[in-house]
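What follows is a short report on a single structure.
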Amino acid sequence: MVTASVTVRVPAKVNLQLSVGPVRADGFHELATVFQAVNLCDEIVAREPTGPGIRLTMSGEGSEALPLDEDNLAYRAALLLAEALDVPADVDLHIHKAIPIAGGMAGGSADAAGTLLACDALWKGGASREELTELAAALGSDVPFGLQGGNAIGTGRGERLTPVLSRGLFSWVFALADGGLSTPAVYAECDRLREGRSVPDPYVSDILMQALASGDAELLGKALHNDLQPAALALRPMLGQLLEAGEDYGALGGLVSGSGPTCAFLARDEEHALDLAVALSGSGLCRSVRRAQGPVPGARITG
Ligand code: C5P
């Protein structure tokens, strides 16, 4: 008997800019962010179930620490989609992780986005992109971007996306830290550091848009900016040394990725990225390094 299965690959993201505005009434922060999807991908396989319900298994570095029930965003994605399609939530899901866990690269969100796509195909739900995007936004701020990929401006809490075109591919080195950082804790620290100051509305940098449009890595390196960085550095001071080392080794720019602790360094090209990766991995300041390029497409069915 042949068991039906669907395989989806879904990329990580880096925020080229993360402008964090005031806290909203719902507790989220108003954002203006520029996402780029990079080819560091998780793989999701949805199979016809061997029994009723959702059975989730995971593999890849650090995945043994992740929950396999409703505390896992991918599990909730399958449940939410089944409810929306009015089908039984029966699926065997396997996720192989390459995106660092709790690293500020939206790995959990990517898995949720990939699960929506994989289960819709397995269950022959026929949901439109718009319907999947709406479900994605209900699951988390970064989930819609996991579906869309490429480059995009995110507004609202990050879930309202406008695609942005860019020229060519940018080469990145990601320095992975030991352990993760909790996104709510980093936002809370950001609020604490800003206490008593008026917080301007979030904005997108014109220079950054220009750098993307022209494919100018040098300019993009200078325009990288993350308002959550001071908070991530306050919680994990050694990240300051790592960012300095990246600059010393010739990165065009470096920043904490999202809420961290992964740091992203922009290189001139793939050869430069290789040199930078070797230097950073020898620095003793990070657990390991990964090279990746962006922008790449969002979640897609590969088998
Ligand atoms: O939407 P998501 O579940 O990814 O958000 C995780 C947490 O990050 C939220 O509970 C909130 O503490 C914080 N957050 C925020 N403002 C945003 C996005 C996330 O405060 N725009």
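Looking only at residues in the range 103-120 that are hydrophobic (A, V, I, L, M, F, W, C) and within 9 Å of the chain's Cα centre (by Cα), the one that is nearest to C286 (Cα to Cα) is M105. Taking the criterion of being outside any loop (DSSP other than H, G, I, E, B), under 15 Å from I101 (Cα atoms) and within 16 Å of the ligand (Cβ to nearest atom), the residues of the range 57-78 that qualify are L73, A74. Residues in the range 173-194 that are out of contact with any Lys or Arg (no Cβ under 7 Å at 6 or more places or on another chain) and open to solvent by less than 50 Å² (accessible area, probe 1.4 Å): A175, G180, A185, V186, Y187, E189, C190, R194.
The condition of being under 21 Å from G104 (Cβ atoms), at pLDDT 95 or above and charged (D, E, K, R) holds for only one of E189, E134, that being E189. Scanning the range 83-97 for residues that are aliphatic (A, V, I, L, M) and part of a loop (DSSP other than H, G, I, E, B), we see that the one that is surrounded by the most Cβ atoms within 10 Å (Cβ to Cβ) is A89. At least 1 residues being closer than 17 Å to A177 by Cα and at pLDDT 95 or above is the threshold, and among the helices (runs of 4 or more DSSP H) wholly inside the range 193-247 those reaching it are 229-235. Taking each residue of the range 177-189 that is under 17 Å from C263 (Cβ atoms) and looking for partners that are near the ligand (Cβ under 8 Å from one of its atoms) with beta-carbon atoms closer than 6 Å, six or more apart or interchain, yields L181/S259; T183/S259; V186/S259.
Does R157 count as touching a Phe, Trp or Tyr at 6+ places or on another chain (Cβ under 7 Å), farther than 22 Å from S288 by Cβ and either within 16 Å of the ligand (Cβ to nearest atom) or open to solvent by less than 30 Å² (accessible area, probe 1.4 Å) (or both)? Judged against the criteria, R157 is a match.
Every residue in the range 121-143 that is within 14 Å of the ligand (Cβ to nearest atom) and touching a Pro at 6+ places or on another chain (Cβ under 7 Å), please.
First, pick out the residues of the range 121-143 that are within 14 Å of the ligand (Cβ to nearest atom): 135-143.
Result: A136, A137.
The values are calculated or read from the model by the stated rules, or taken from the named source; none is laboratory data. For clarity, every value in this text was computed on a predicted model and none was experimentally measured. No Cβ is skipped: glycine too gets one built from the backbone with ideal geometry, and neighbour counts run over all protein chains shown. Just the protein is used for accessible areas: all its heavy atoms, side chains included, with ligands, DNA and RNA removed. Shrake-Rupley method; radii C 1.70, N 1.55, O 1.52, S 1.80 Å.
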